[in-house]
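Worksheet: one structure, shown below.
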Amino acid sequence: MAEPTFVQLDPQPLERYRKVMDGDFEKIRQVADFAADYFDHRTVWHVNSTAKGGGVAEMLRSFLPYANDSGVDTRWVVLSERPEFFTITKRIHNKLHGHPGDGGSLGKAERDAYHGFLEDSAHHLTDLFKPGDVVFLHDPQTAGLIPAVKAAGAFTIWRCHIGLEVANEHVNEAIEFLVPDVEKADGFIFSRGAYLWPQLPADRAHLMAPAIDAFSPKNQDLDDQTVRDILGIIGLSGEPPAEPPHFVRSDGSDGTVKRAAELLQVEPLPVNAPLIAQISRWDVLKDHEGLLECFADYLADTDAHLALVGPSSKGVADDPEGPAVQQRIAESWELLPEDLRRRVHIVALAMDDFDENGTMVNAIQRRADIVVQKSLVEGFGLTVSEAMWKSKPVVASAVGGIKDQIIDGETGILVEDPADLKAFGDALRKLLDDPGLANRMGKASRARVAKHFLAAPRIAEYVSLIGLVQSTADANRS
Ligand code: UDP
(Lines give C-alpha, C1' and ligand atoms only; values in the text may rest on other atoms or scores of the structure.)
Protein backbone atom coordinates (compact mmCIF):
# COMPACT_ATOMS: atom_id res chain seq x y z
CA MET A 1 0.00 0.00 0.00
CA ALA A 2 1.04 3.60 -0.50
CA GLU A 3 3.38 5.23 1.97
CA PRO A 4 1.87 7.27 4.80
CA THR A 5 1.70 10.96 3.88
CA PHE A 6 2.81 13.99 5.84
CA VAL A 7 0.37 16.80 6.51
CA GLN A 8 2.04 20.16 6.25
CA LEU A 9 1.92 22.04 9.55
CA ASP A 10 2.59 25.75 9.38
CA PRO A 11 3.40 27.05 12.86
CA GLN A 12 0.76 29.39 14.25
CA PRO A 13 1.58 32.05 16.85
CA LEU A 14 0.60 30.76 20.27
CA GLU A 15 0.76 34.38 21.35
CA ARG A 16 -2.56 35.14 19.63
CA TYR A 17 -4.29 33.22 22.45
CA ARG A 18 -3.25 35.89 24.93
CA LYS A 19 -6.27 37.95 24.04
CA VAL A 20 -8.85 35.20 24.47
CA MET A 21 -7.48 33.63 27.66
CA ASP A 22 -7.40 36.33 30.32
CA GLY A 23 -4.56 35.95 32.82
CA ASP A 24 -4.19 32.21 32.24
CA PHE A 25 -2.07 32.68 29.15
CA GLU A 26 1.21 33.40 30.96
CA LYS A 27 1.26 29.91 32.46
CA ILE A 28 0.79 28.37 29.03
CA ARG A 29 3.60 30.50 27.62
CA GLN A 30 5.97 29.26 30.33
CA VAL A 31 5.12 25.61 29.72
CA ALA A 32 5.53 26.09 25.98
CA ASP A 33 9.00 27.58 26.53
CA PHE A 34 9.91 24.69 28.81
CA ALA A 35 8.63 22.19 26.21
CA ALA A 36 11.04 23.48 23.57
CA ASP A 37 14.00 22.49 25.81
CA TYR A 38 12.42 19.31 27.08
CA PHE A 39 11.86 17.93 23.57
CA ASP A 40 15.17 19.13 22.21
CA HIS A 41 16.33 16.74 19.42
CA ARG A 42 13.21 14.67 19.77
CA THR A 43 10.14 14.65 17.57
CA VAL A 44 6.54 14.38 18.66
CA TRP A 45 4.53 12.48 16.05
CA HIS A 46 0.80 12.15 15.53
CA VAL A 47 -0.54 9.38 13.31
CA ASN A 48 -4.15 9.02 12.18
CA SER A 49 -6.05 7.88 9.12
CA THR A 50 -7.39 11.00 7.42
CA ALA A 51 -6.19 14.55 6.92
CA LYS A 52 -9.69 15.92 6.46
CA GLY A 53 -13.19 15.16 7.58
CA GLY A 54 -14.19 14.29 11.11
CA GLY A 55 -13.14 15.33 14.54
CA VAL A 56 -9.66 13.81 14.85
CA ALA A 57 -8.26 15.57 11.78
CA GLU A 58 -9.91 18.73 12.97
CA MET A 59 -8.32 18.53 16.39
CA LEU A 60 -4.85 17.80 15.10
CA ARG A 61 -5.07 20.73 12.75
CA SER A 62 -6.24 22.91 15.63
CA PHE A 63 -3.45 22.08 18.02
CA LEU A 64 -0.28 20.94 16.26
CA PRO A 65 0.59 24.29 14.61
CA TYR A 66 0.80 25.87 18.09
CA ALA A 67 3.02 23.07 19.38
CA ASN A 68 5.30 23.71 16.40
CA ASP A 69 5.35 27.41 17.15
CA SER A 70 6.52 26.58 20.68
CA GLY A 71 9.64 25.01 19.23
CA VAL A 72 8.61 21.38 19.62
CA ASP A 73 9.30 19.45 16.41
CA THR A 74 5.77 18.18 15.84
CA ARG A 75 4.73 16.13 12.79
CA TRP A 76 1.48 14.66 11.54
CA VAL A 77 1.40 11.55 9.37
CA VAL A 78 -1.68 10.02 7.76
CA LEU A 79 -2.01 6.33 6.90
CA SER A 80 -2.74 5.44 3.29
CA GLU A 81 -4.74 2.25 3.51
CA ARG A 82 -7.06 0.46 1.14
CA PRO A 83 -10.91 0.57 1.38
CA GLU A 84 -11.08 -2.99 2.79
CA PHE A 85 -9.02 -1.81 5.76
CA PHE A 86 -11.48 1.00 6.44
CA THR A 87 -14.42 -1.42 6.25
CA ILE A 88 -12.91 -3.23 9.23
CA THR A 89 -11.97 -0.07 11.12
CA LYS A 90 -15.38 1.52 10.57
CA ARG A 91 -16.87 -1.67 12.03
CA ILE A 92 -14.62 -1.27 15.09
CA HIS A 93 -15.60 2.41 15.29
CA ASN A 94 -19.32 1.61 15.23
CA LYS A 95 -18.98 -1.18 17.76
CA LEU A 96 -16.98 1.00 20.12
CA HIS A 97 -19.96 3.34 19.95
CA GLY A 98 -22.15 0.41 20.96
CA HIS A 99 -23.69 -0.19 17.52
CA PRO A 100 -23.47 -3.29 15.29
CA GLY A 101 -22.31 -1.25 12.27
CA ASP A 102 -22.40 -3.36 9.09
CA GLY A 103 -23.22 -6.44 11.15
CA GLY A 104 -19.90 -8.12 10.36
CA SER A 105 -17.81 -9.75 13.05
CA LEU A 106 -14.44 -8.88 14.52
CA GLY A 107 -12.87 -12.28 14.85
CA LYS A 108 -9.49 -13.78 14.10
CA ALA A 109 -9.88 -13.42 10.33
CA GLU A 110 -10.53 -9.68 10.69
CA ARG A 111 -7.67 -9.26 13.14
CA ASP A 112 -5.28 -11.01 10.77
CA ALA A 113 -6.50 -8.92 7.84
CA TYR A 114 -6.27 -5.71 9.90
CA HIS A 115 -2.68 -6.45 10.89
CA GLY A 116 -1.82 -7.56 7.38
CA PHE A 117 -3.04 -4.27 5.94
CA LEU A 118 -1.01 -2.30 8.49
CA GLU A 119 2.28 -4.10 7.85
CA ASP A 120 3.54 -1.77 5.14
CA SER A 121 2.58 1.33 7.11
CA ALA A 122 4.42 -0.07 10.12
CA HIS A 123 7.61 -0.47 8.06
CA HIS A 124 7.42 3.01 6.62
CA LEU A 125 6.64 4.65 9.93
CA THR A 126 9.20 2.90 12.07
CA ASP A 127 11.86 4.04 9.61
CA LEU A 128 10.90 7.59 10.56
CA PHE A 129 10.79 7.28 14.34
CA LYS A 130 13.92 7.65 16.51
CA PRO A 131 14.34 6.14 19.97
CA GLY A 132 13.03 8.69 22.48
CA ASP A 133 10.52 10.22 20.07
CA VAL A 134 6.96 10.44 21.30
CA VAL A 135 4.33 8.92 19.01
CA PHE A 136 0.63 9.56 19.43
CA LEU A 137 -1.50 7.02 17.56
CA HIS A 138 -5.11 8.02 17.12
CA ASP A 139 -8.17 5.77 17.15
CA PRO A 140 -8.70 2.13 16.11
CA GLN A 141 -7.12 2.61 12.69
CA THR A 142 -3.69 2.99 14.27
CA ALA A 143 -3.88 0.68 17.30
CA GLY A 144 -2.36 -2.22 15.36
CA LEU A 145 0.82 -0.18 14.91
CA ILE A 146 1.55 0.00 18.64
CA PRO A 147 3.84 -3.05 18.88
CA ALA A 148 5.97 -1.88 15.92
CA VAL A 149 6.26 1.67 17.22
CA LYS A 150 7.29 0.41 20.66
CA ALA A 151 9.87 -1.84 19.06
CA ALA A 152 11.33 1.24 17.35
CA GLY A 153 12.09 2.65 20.80
CA ALA A 154 9.56 5.48 20.73
CA PHE A 155 7.21 6.34 23.58
CA THR A 156 3.85 5.17 22.30
CA ILE A 157 0.63 6.80 23.37
CA TRP A 158 -2.70 5.67 21.96
CA ARG A 159 -5.53 8.17 21.96
CA CYS A 160 -9.08 6.95 21.68
CA HIS A 161 -11.61 9.53 20.55
CA ILE A 162 -14.58 7.19 20.78
CA GLY A 163 -16.39 6.11 23.87
CA LEU A 164 -19.54 4.81 25.42
CA GLU A 165 -20.36 5.11 29.08
CA VAL A 166 -21.99 1.74 29.51
CA ALA A 167 -20.30 -0.97 27.49
CA ASN A 168 -22.56 -3.42 25.66
CA GLU A 169 -21.69 -6.59 23.71
CA HIS A 170 -20.55 -4.57 20.65
CA VAL A 171 -18.24 -2.38 22.70
CA ASN A 172 -16.77 -5.42 24.39
CA GLU A 173 -16.20 -7.13 21.04
CA ALA A 174 -14.33 -4.07 19.73
CA ILE A 175 -12.29 -3.74 22.93
CA GLU A 176 -11.37 -7.41 22.80
CA PHE A 177 -10.20 -6.89 19.24
CA LEU A 178 -8.02 -3.92 20.14
CA VAL A 179 -6.77 -4.68 23.64
CA PRO A 180 -3.91 -7.04 22.75
CA ASP A 181 -2.29 -4.15 20.84
CA VAL A 182 -3.45 -1.22 22.95
CA GLU A 183 -2.24 -2.69 26.25
CA LYS A 184 1.32 -2.58 24.91
CA ALA A 185 1.24 1.24 24.66
CA ASP A 186 3.09 3.35 27.22
CA GLY A 187 -0.02 5.44 27.77
CA PHE A 188 -3.62 5.73 26.68
CA ILE A 189 -5.76 8.85 26.45
CA PHE A 190 -9.53 8.90 26.60
CA SER A 191 -11.79 11.94 26.29
CA ARG A 192 -13.69 11.32 29.52
CA GLY A 193 -13.35 9.21 32.67
CA ALA A 194 -16.49 7.30 31.75
CA TYR A 195 -14.79 5.99 28.60
CA LEU A 196 -11.79 4.33 30.27
CA TRP A 197 -11.52 0.62 29.50
CA PRO A 198 -11.36 -1.49 32.65
CA GLN A 199 -9.19 -3.94 30.69
CA LEU A 200 -6.31 -1.42 30.66
CA PRO A 201 -3.98 -0.67 33.58
CA ALA A 202 -5.11 2.50 35.34
CA ASP A 203 -1.58 3.83 35.93
CA ARG A 204 -1.11 4.33 32.18
CA ALA A 205 -4.54 5.87 31.50
CA HIS A 206 -5.04 9.62 31.06
CA LEU A 207 -7.90 11.97 30.25
CA MET A 208 -7.99 14.91 27.86
CA ALA A 209 -11.04 16.66 26.47
CA PRO A 210 -10.96 17.61 22.78
CA ALA A 211 -10.56 21.28 21.96
CA ILE A 212 -11.02 23.72 19.07
CA ASP A 213 -8.82 26.44 17.62
CA ALA A 214 -10.39 29.88 18.01
CA PHE A 215 -8.40 31.21 15.03
CA SER A 216 -8.79 28.48 12.42
CA PRO A 217 -10.79 29.21 9.27
CA LYS A 218 -13.58 27.25 10.91
CA ASN A 219 -13.77 29.42 14.00
CA GLN A 220 -12.27 32.80 13.15
CA ASP A 221 -14.53 35.85 13.32
CA LEU A 222 -16.50 36.59 10.14
CA ASP A 223 -18.58 39.72 9.69
CA ASP A 224 -22.23 39.48 8.64
CA GLN A 225 -21.59 40.54 5.05
CA THR A 226 -18.90 37.88 4.62
CA VAL A 227 -21.26 35.26 6.06
CA ARG A 228 -23.95 36.31 3.56
CA ASP A 229 -21.47 36.22 0.69
CA ILE A 230 -20.22 32.77 1.65
CA LEU A 231 -23.77 31.41 1.80
CA GLY A 232 -24.32 32.94 -1.65
CA ILE A 233 -21.28 31.12 -3.05
CA ILE A 234 -22.31 27.84 -1.42
CA GLY A 235 -25.76 28.33 -2.98
CA LEU A 236 -27.57 27.86 0.33
CA SER A 237 -28.90 31.39 0.51
CA GLY A 238 -29.12 34.56 -1.59
CA GLU A 239 -27.05 35.25 -4.68
CA PRO A 240 -23.35 34.63 -5.29
CA PRO A 241 -21.53 37.93 -4.69
CA ALA A 242 -19.67 39.67 -7.52
CA GLU A 243 -16.33 39.12 -5.72
CA PRO A 244 -15.55 35.90 -3.80
CA PRO A 245 -15.45 36.47 -0.01
CA HIS A 246 -12.09 36.41 1.77
CA PHE A 247 -10.86 34.61 4.90
CA VAL A 248 -7.53 33.98 6.63
CA ARG A 249 -6.08 30.56 5.80
CA SER A 250 -4.51 28.27 8.41
CA ASP A 251 -1.06 29.39 7.27
CA GLY A 252 -2.02 33.07 7.65
CA SER A 253 -2.35 33.77 3.93
CA ASP A 254 -5.42 35.18 2.21
CA GLY A 255 -8.05 32.73 0.97
CA THR A 256 -11.31 33.05 -0.95
CA VAL A 257 -14.43 30.92 -0.94
CA LYS A 258 -15.22 29.83 -4.50
CA ARG A 259 -16.94 26.47 -4.56
CA ALA A 260 -20.67 25.84 -4.62
CA ALA A 261 -22.03 22.98 -2.52
CA GLU A 262 -23.95 19.94 -3.76
CA LEU A 263 -27.43 21.02 -2.72
CA LEU A 264 -30.80 19.45 -2.35
CA GLN A 265 -33.19 22.34 -1.97
CA VAL A 266 -36.34 23.64 -3.63
CA GLU A 267 -35.16 27.22 -3.37
CA PRO A 268 -32.49 29.13 -1.44
CA LEU A 269 -32.93 29.92 2.24
CA PRO A 270 -34.65 33.33 2.54
CA VAL A 271 -32.32 35.95 3.98
CA ASN A 272 -34.20 36.46 7.25
CA ALA A 273 -35.65 33.01 7.82
CA PRO A 274 -34.86 31.42 11.21
CA LEU A 275 -32.36 28.64 10.65
CA ILE A 276 -31.77 25.42 12.57
CA ALA A 277 -28.61 23.65 11.41
CA GLN A 278 -26.80 20.41 12.09
CA ILE A 279 -23.32 20.00 10.65
CA SER A 280 -21.88 16.50 10.79
CA ARG A 281 -20.32 13.71 8.84
CA TRP A 282 -22.95 11.58 7.07
CA ASP A 283 -23.12 8.89 9.69
CA VAL A 284 -26.22 7.10 11.00
CA LEU A 285 -25.05 7.81 14.54
CA LYS A 286 -25.45 11.56 13.90
CA ASP A 287 -29.15 10.78 13.21
CA HIS A 288 -29.86 13.31 10.47
CA GLU A 289 -32.95 11.28 9.65
CA GLY A 290 -34.28 11.60 13.20
CA LEU A 291 -33.81 15.34 13.04
CA LEU A 292 -35.61 15.50 9.71
CA GLU A 293 -38.49 13.53 11.18
CA CYS A 294 -38.56 15.76 14.26
CA PHE A 295 -38.70 18.83 12.04
CA ALA A 296 -41.56 17.40 9.99
CA ASP A 297 -43.56 16.18 12.98
CA TYR A 298 -43.07 19.02 15.44
CA LEU A 299 -41.92 22.17 13.66
CA ALA A 300 -44.00 22.08 10.48
CA ASP A 301 -46.16 24.99 11.67
CA THR A 302 -43.17 27.34 12.30
CA ASP A 303 -41.38 29.47 9.72
CA ALA A 304 -38.01 27.90 10.60
CA HIS A 305 -35.77 26.24 8.02
CA LEU A 306 -33.56 23.22 8.62
CA ALA A 307 -30.11 22.74 7.08
CA LEU A 308 -28.44 19.34 7.27
CA VAL A 309 -24.84 19.95 6.34
CA GLY A 310 -21.95 17.58 5.81
CA PRO A 311 -18.89 16.98 3.69
CA SER A 312 -19.13 16.01 0.06
CA SER A 313 -18.76 12.23 0.24
CA LYS A 314 -15.98 12.36 -2.32
CA GLY A 315 -13.78 13.99 0.27
CA VAL A 316 -13.64 11.67 3.29
CA ALA A 317 -11.34 8.69 2.81
CA ASP A 318 -11.90 6.72 6.00
CA ASP A 319 -15.70 6.80 6.11
CA PRO A 320 -17.05 4.22 3.64
CA GLU A 321 -20.64 4.48 4.90
CA GLY A 322 -21.05 8.20 4.14
CA PRO A 323 -22.53 8.00 0.62
CA ALA A 324 -25.20 5.45 1.61
CA VAL A 325 -26.28 7.58 4.59
CA GLN A 326 -26.40 10.66 2.38
CA GLN A 327 -28.51 8.73 -0.13
CA ARG A 328 -31.05 7.71 2.51
CA ILE A 329 -31.34 11.30 3.72
CA ALA A 330 -31.94 12.42 0.13
CA GLU A 331 -34.71 9.83 -0.21
CA SER A 332 -36.37 11.03 3.01
CA TRP A 333 -36.12 14.61 1.75
CA GLU A 334 -37.84 13.65 -1.52
CA LEU A 335 -40.72 12.15 0.45
CA LEU A 336 -41.41 15.34 2.45
CA PRO A 337 -44.57 17.22 1.54
CA GLU A 338 -43.76 20.09 -0.84
CA ASP A 339 -44.27 22.93 1.69
CA LEU A 340 -41.89 21.27 4.16
CA ARG A 341 -39.34 20.29 1.56
CA ARG A 342 -39.15 23.98 0.68
CA ARG A 343 -37.81 24.61 4.21
CA VAL A 344 -35.25 21.80 4.34
CA HIS A 345 -31.82 22.16 2.77
CA ILE A 346 -29.42 19.26 2.39
CA VAL A 347 -25.94 20.62 1.86
CA ALA A 348 -22.77 18.70 0.96
CA LEU A 349 -19.79 21.02 1.19
CA ALA A 350 -16.81 20.79 -1.15
CA MET A 351 -13.79 19.25 0.57
CA ASP A 352 -11.18 20.07 -2.13
CA ASP A 353 -9.71 22.89 -0.05
CA PHE A 354 -9.69 22.18 3.68
CA ASP A 355 -9.56 25.82 4.76
CA GLU A 356 -12.32 26.79 2.38
CA ASN A 357 -14.48 23.95 3.72
CA GLY A 358 -13.84 25.11 7.29
CA THR A 359 -14.84 28.65 6.36
CA MET A 360 -18.09 27.36 4.86
CA VAL A 361 -18.86 25.47 8.07
CA ASN A 362 -18.02 28.62 10.00
CA ALA A 363 -20.43 30.75 7.94
CA ILE A 364 -23.30 28.27 8.27
CA GLN A 365 -22.81 27.96 12.03
CA ARG A 366 -22.84 31.77 12.28
CA ARG A 367 -25.93 32.06 10.08
CA ALA A 368 -27.81 29.50 12.20
CA ASP A 369 -30.06 30.70 14.98
CA ILE A 370 -29.84 27.34 16.70
CA VAL A 371 -27.33 24.55 16.15
CA VAL A 372 -28.43 20.97 16.76
CA GLN A 373 -26.41 17.87 17.44
CA LYS A 374 -28.90 15.05 17.47
CA SER A 375 -26.32 12.28 17.76
CA LEU A 376 -27.38 8.89 19.08
CA VAL A 377 -23.91 8.54 20.59
CA GLU A 378 -21.02 10.98 20.61
CA GLY A 379 -17.53 10.65 22.03
CA PHE A 380 -17.28 14.42 22.22
CA GLY A 381 -18.93 16.80 19.75
CA LEU A 382 -16.48 19.23 18.21
CA THR A 383 -19.39 20.72 16.28
CA VAL A 384 -20.97 21.54 19.63
CA SER A 385 -17.91 23.49 20.83
CA GLU A 386 -17.61 25.20 17.43
CA ALA A 387 -21.20 26.45 17.57
CA MET A 388 -20.88 27.49 21.22
CA TRP A 389 -17.74 29.49 20.42
CA LYS A 390 -19.87 31.38 17.88
CA SER A 391 -22.33 32.23 20.68
CA LYS A 392 -24.99 29.86 19.46
CA PRO A 393 -27.40 27.99 21.70
CA VAL A 394 -27.05 24.27 21.00
CA VAL A 395 -29.81 21.71 21.33
CA ALA A 396 -28.26 18.29 21.61
CA SER A 397 -28.73 14.75 22.82
CA ALA A 398 -27.50 14.20 26.36
CA VAL A 399 -24.97 11.62 25.23
CA GLY A 400 -21.26 11.20 25.83
CA GLY A 401 -19.03 14.24 25.95
CA ILE A 402 -21.87 16.56 24.96
CA LYS A 403 -22.96 16.35 28.60
CA ASP A 404 -19.65 17.92 29.62
CA GLN A 405 -19.89 20.59 26.94
CA ILE A 406 -23.42 21.89 27.37
CA ILE A 407 -24.81 23.00 30.71
CA ASP A 408 -28.48 22.24 30.32
CA GLY A 409 -30.63 25.36 30.51
CA GLU A 410 -27.58 27.63 30.67
CA THR A 411 -25.60 27.21 27.46
CA GLY A 412 -28.13 25.15 25.52
CA ILE A 413 -30.67 22.40 25.95
CA LEU A 414 -29.84 18.75 26.51
CA VAL A 415 -32.43 16.19 25.47
CA GLU A 416 -32.22 13.22 27.78
CA ASP A 417 -33.37 10.55 25.30
CA PRO A 418 -31.83 10.97 21.82
CA ALA A 419 -34.81 9.14 20.32
CA ASP A 420 -37.36 11.52 21.85
CA LEU A 421 -38.31 13.58 18.81
CA LYS A 422 -41.00 15.50 20.65
CA ALA A 423 -38.52 16.65 23.30
CA PHE A 424 -36.20 17.88 20.53
CA GLY A 425 -39.13 19.64 18.89
CA ASP A 426 -40.11 21.30 22.19
CA ALA A 427 -36.54 22.44 22.89
CA LEU A 428 -36.16 23.94 19.42
CA ARG A 429 -39.53 25.66 19.61
CA LYS A 430 -38.68 27.12 23.01
CA LEU A 431 -35.59 28.80 21.57
CA LEU A 432 -37.31 29.87 18.34
CA ASP A 433 -40.04 31.52 20.43
CA ASP A 434 -37.66 33.23 22.84
CA PRO A 435 -34.75 34.92 21.05
CA GLY A 436 -33.74 36.59 24.35
CA LEU A 437 -33.18 33.18 25.93
CA ALA A 438 -31.35 31.95 22.83
CA ASN A 439 -29.12 34.99 23.03
CA ARG A 440 -28.29 34.54 26.72
CA MET A 441 -27.49 30.89 26.18
CA GLY A 442 -25.30 31.81 23.23
CA LYS A 443 -23.25 34.25 25.30
CA ALA A 444 -22.83 31.73 28.12
CA SER A 445 -21.77 29.13 25.54
CA ARG A 446 -18.90 31.23 24.25
CA ALA A 447 -17.64 31.89 27.77
CA ARG A 448 -17.72 28.17 28.54
CA VAL A 449 -15.66 27.27 25.49
CA ALA A 450 -13.16 30.05 26.25
CA LYS A 451 -12.63 28.55 29.70
CA HIS A 452 -12.56 24.83 28.94
CA PHE A 453 -12.36 23.86 25.29
CA LEU A 454 -9.74 25.90 23.43
CA ALA A 455 -6.71 24.27 21.84
CA ALA A 456 -3.65 26.24 22.90
CA PRO A 457 -4.01 25.59 26.65
CA ARG A 458 -3.74 21.87 25.85
CA ILE A 459 0.01 22.42 25.42
CA ALA A 460 0.41 22.35 29.18
CA GLU A 461 -1.72 19.20 29.43
CA TYR A 462 0.25 17.44 26.70
CA VAL A 463 3.59 18.27 28.29
CA SER A 464 2.62 17.01 31.72
CA LEU A 465 0.98 13.93 30.23
CA ILE A 466 4.09 13.02 28.24
CA GLY A 467 6.18 13.51 31.40
CA LEU A 468 3.89 11.18 33.34
CA VAL A 469 3.87 8.55 30.59
CA GLN A 470 7.65 8.55 30.47
CA SER A 471 8.11 8.28 34.21
CA THR A 472 5.55 5.45 34.43
CA ALA A 473 7.29 3.67 31.55
CA ASP A 474 10.65 4.07 33.29
CA ALA A 475 9.26 2.88 36.62
CA ASN A 476 7.62 -0.15 34.99
CA ARG A 477 10.90 -1.06 33.27
CA SER A 478 13.02 -0.88 36.40
N1 UDP B 1 -16.94 19.02 9.49
C2 UDP B 1 -16.29 19.67 8.45
N3 UDP B 1 -16.90 19.79 7.25
C4 UDP B 1 -18.13 19.29 7.05
C5 UDP B 1 -18.81 18.62 8.11
C6 UDP B 1 -18.17 18.50 9.34
O7 UDP B 1 -15.19 20.18 8.62
O8 UDP B 1 -18.64 19.43 5.92
C9 UDP B 1 -16.24 18.98 10.78
C10 UDP B 1 -16.99 19.64 11.92
O11 UDP B 1 -16.98 21.04 11.79
C12 UDP B 1 -16.20 19.11 13.10
C13 UDP B 1 -15.81 17.71 12.64
O14 UDP B 1 -16.00 17.67 11.21
O15 UDP B 1 -15.03 19.88 13.29
C16 UDP B 1 -16.69 16.66 13.27
O17 UDP B 1 -16.24 16.44 14.54
P18 UDP B 1 -17.22 15.88 15.68
O19 UDP B 1 -16.43 15.73 16.93
O20 UDP B 1 -18.43 16.75 15.79
O21 UDP B 1 -17.70 14.47 15.13
P22 UDP B 1 -16.89 13.23 14.52
O23 UDP B 1 -16.89 13.42 13.05
O24 UDP B 1 -15.52 13.22 15.12
O25 UDP B 1 -17.72 12.05 14.91
Packing-ranked peptide list from 431-440, 72-81, 113-122, highest mean Cβ count within 10 angstrom first, is 72-81, 113-122, 431-440
Across the alpha-carbon set of the stretch 317-414, Rg over Rh with Rh taken as the Kirkwood radius works out to 0.99
Applying the span-like rule to the chain (DSSP H, Cα extent along axis at least 27 Å, Kyte-Doolittle mean at least 0.0) gives 458-477
Under the rule rounded for a/c under 1.5, else prolate if a/b exceeds b/c, else oblate, using alpha carbon gyration tensor axes a ≥ b ≥ c, the stretch 375-415 is classed as oblate
Expressed in µm² per second, the diffusion coefficient of the stretch 41-113 from the Stokes-Einstein equation, with Rh the Kirkwood radius over alpha carbon pairs, at 25 °C and 0.890 mPa s, is 171
The computed P(r) of the stretch 217-370 puts the percent of Cα pairs beyond 25 Å at 26
Here the relative contact order (percent) of the stretch 281-424, from C-alpha pairs under 8 Å and at least 6 apart, is 24
Taking only the Cα positions of the stretch 71-121, the convex hull volume per residue in Å³ is 105
Computed on Cα atoms, Rg of the stretch 1-122 relative to 2.2 N^0.38 Å comes out at 1.36
With a 31 Å threshold on alpha-carbon distance, the violating pairs from 314/390; 258/286; 27/403; 19/95; 184/451; 150/218 are 19/95; 184/451; 150/218
Ignoring ligands and nucleic acids, residue 102 exposes an accessible area, probe 1.4 Å, in Å² to the nearest 10, of 80
A student asked for the Cα radius of gyration and Dmax of the chain in angstrom ought to give 21.9, 71
To the nearest 20 debye, the stretch 240-362 has a Cα-centred charge dipole, built from +1 on Lys and Arg Cβ and -1 on Asp and Glu Cβ, of 160
Taking only the alpha-carbon atoms of the stretch 115-236, the convex hull volume per residue, in cubic angstrom, is 190
Taking a ≥ b ≥ c as the square roots of the eigenvalues of the Cα gyration tensor, with a/c under 1.5 meaning rounded and otherwise prolate when a/b exceeds b/c and oblate if not, the stretch 169-293 is prolate
What helix-only [θ] at 222 nm does the chain give? Using -39500 (n - 2.57) per DSSP H run of at least 4, over all residues, to the nearest 500, the answer is -13500 deg cm²/dmol
Quick tally, 1.4 Å probe accessible area for 366, 159, sorted with the most first, runs 366, 159
Taking 339-350, 237-248 and ranking on average Cβ neighbours within 10 Å, highest first, one gets 339-350, 237-248
Simple spin-label estimate for residue 30/residue 151, 7 Å along Cα→Cβ, in nm, reads 4.4
Rounded to whole Å², per residue accessible area for the chain with a 1.4 Å probe reads 38
Taking Lys and Arg as +1 and Asp and Glu as -1, residues besides residue 219 with C-beta under 9 Å from its C-beta add up to -1
Expressed in Å to one decimal, the Kirkwood Rh of the stretch 57-97 from all distinct alpha-carbon pairs is 12.5
So for the stretch 266-316, using the alpha carbon gyration tensor with a ≥ b ≥ c as root eigenvalues (a/c under 1.5 gives rounded; past that, a/b versus b/c decides prolate or oblate), I'd call it oblate
Taking every alpha carbon pair in the stretch 1-70 and sorting the distances into 5 angstrom bins from 0 up to the bin holding the longest one, the percent per bin comes out as 3, 14, 21, 21, 18, 13, 6, 2, 1, 0
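The values are calculated or read from the model by the stated rules, or taken from the named source; none is laboratory data. Worth saying up front: this structure is predicted, and the values here are computed from it rather than measured. Virtual Cβ from ideal backbone geometry, glycine too; neighbours counted across all protein chains shown. Remember, those area values only see protein heavy atoms, side chains included, never the ligands or the DNA or RNA. Shrake-Rupley method; radii C 1.70, N 1.55, O 1.52, S 1.80 Å.
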